[in-house]
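Working notes, beginning with the structure itself.
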């Protein structure tokens, strides 16, 4: 119901209540006046009659007939004659008053002679004329009120309709900015009209400011602040829409390019100049991309250094042409950084298909961009669409490479390098990462360079190269990543590694890129000085990609220069490149070193290179040998087992007992520490175990890779808890220096169990060979710890493509007690004769392996554990052929095999 109708009804109701009250008050007043009037008339009539009676003599019979006649409309009179005791009514029989009629007046009388006396009583006249008149008046007043109210309501209705259609509607239009001036007809509404107009103007100003702010915020949220290009969020949203949207645009290409020297540009240039350069470059590139790829193409800035162009619906050939045009634009807009140096761009192009995930496409492009950075040129790098060996994202690359470094999953593929005539020049090594698929350095080193792990990988490669030179002499060329030279401690680690093995260092040739000579000349010069003192030689590769390095070559002690790639293949069609190649040959002749050329595809290119003065290198075969072949040709060279010498066995036994006596006192002080460690280690172990179980529930169905990692955590936690329970238990705490708990154990079965638990976390094949049971009396936990330590050492010091072999058996020697034995053999660098006894001393570290992590306590503790079980641990020196460690433990039965020579 409208407010006006509420007001009208309330006013009508109020007026009706007021009228009803006025009528009731008027009726009450009229009734009171009529009663007073009748009482006055009654007194007058009674007084007049009493006066008239007083003029007559005698009793009532004498003067009753002579009294004046009673008025029919007047009060009813009655004479109460007291002298005679009677009442004489003076009204006609037809006007008999009701018995309960009220007495209005009483007047005494007395006749003239006193013969009669009494009272004249006056009653009210029973008449309905007065109430009827009053009611008629009230009805007339009510009718007038109703008529007046109806008229007033009609007027108010007309007034409200006029107000709504006139001034109020005009005020509403004025509030919407369409004032027609009708509201000005009412002076009362003029302040309201002005207030609405002022409020509307203020609201318009506020809305304008808010819209401007919203537009600015939307612009900031969707565009990059400097170049005004779409930002990362806008690009990914647009890319997802395209992948899920129209079929014509659901496939296409993505072009990504990175400014590799953005940090150097920011240091050398004022930020305003840098921003201006970026804006101009972005505007020109955006115009070029829109012209060749259409209006649906988008150029966005992902971060400070990365730009990406989305080319939906563009075929391969137009995409390649556009990429080449963008590459030329970027080259034209390079900034000078150092002398003869310009800022560098890395550019990659990749294709996407409908239904793909954005993350998968960007991961392919990121891998291609890393390869482009490693190539150190602005040549377009293609991101393979399918079938390539890659990892999605930096975090997975970091996990893979870090795990490979921790678990020693690297090995070297060594290939002979010969000239076109077949003469052997040197060998060339290529580092490989062993996993589900063998990854060459060209695949994982770009990611390692970006993650800062290139130096660690190169140190591993140099260590493996030194190990190979301990088995086979001859020059071996090994490439060094440019990112390694940027690491501050790389040269110190390299020098330490080469100093420890000078005999093998003289056979190494470290290949560096020509880009490294230009970008890190001081570091390269320091590298050459280190290598010159140790006999290691330096070669320069990819000289054709950085010709400005030629001016610095005469200051470095080099052994050869090398060119390759597209430069070699373009010599036949490019006279300019032939002139550059001749310059490189003359430079090599001036330095008295050879100039090598690789990647020649046919005889004509080989002949051309030879005519220019190059030594052409034959192409390498990069076929990986299968695992079975690697195991069968592992070259373990296990020597036949010889008989033991009892005197030497007793001598070593006495030495071990003496050492055990010396350690007993020292270990006594550690028992309290054991109690503390037992408590402190159980808590985090339980926490890790509970967290691993929670992760299994949370990450259920996340894929095989996640499941394998969780399984690895479970195995590690289980081993840790078992060790804590066995080694730090209260029962063991009071034992005499880790007294073993002897049981009958089959060493072959124990070796199988240990290798099965370690194989999942190792890239090395673990092979157990036992033809007959080898039962021994030993502590299975302690023996498993010793075997695990020996296997871990074998993994640590041998290439990842070589197996670790564990042999088991039982043997006797010259009527001595039968001994069960386990032999762990690897194909690593081996030991020197002088180090056989020293390696079992506490904290001993071989000078050839100081770079390998470790504290030198594992073998010492392993031997002590074996001695505590009445056995022994020995090693066999096989320089260049690997190392073999032999665990000897008391057998539980008769032997049926000859005893190995190491059971001493």
With an 8 Å Cα cut-off and a minimum separation of 6 or more residues, compute the relative contact order for segment 3-127 in percent.
30
Expected output is a single nm value to one decimal: the length gained when fully extending between residue 696 and residue 279, i.e. 0.36 nm times separation in residues minus the C-alpha distance. What is it?
145.2 nm
Translational D (Stokes-Einstein, µm²/s) of segment 372-509 at 25 °C and 0.890 mPa s when Rh comes from the Kirkwood sum over C-alpha pairs?
151
Most exposed to least, judged by fewest other Cβ atoms within 10 Å, 467, 437, 499 sort to 437, 499, 467
Could you please tell me the mean projected area of the C-alpha convex hull for segment 3-127, averaged over all directions and given in square nanometres to one decimal?
9.7
Å³ per residue enclosed by the Cα convex hull of segment 781-820
92
How would 868, 505, 29 line up from fewest to most surrounding beta-carbon atoms within 10 angstrom?
29, 868, 505
Mind checking the alpha-carbon convex hull of segment 755-817 and giving the volume per residue in Å³?
115
Starting with the fewest neighbours, write out 216, 262, 431 ranked by other beta-carbon atoms found within 10 Å of each beta-carbon.
216, 262, 431
What is segment 191-326 by shape, rounded, prolate or oblate, if you read a ≥ b ≥ c off the alpha carbon gyration tensor as root eigenvalues and call it rounded for a/c under 1.5, prolate for a/b larger than b/c, and oblate otherwise?
oblate
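Computed from the coordinates by the stated procedures, all read-outs in this text should not be read as laboratory data. Since this is a predicted model, take the numbers as computed values, not measurements. Neighbour counts run over all protein chains shown; Cβ positions are idealised from the backbone, glycine included.
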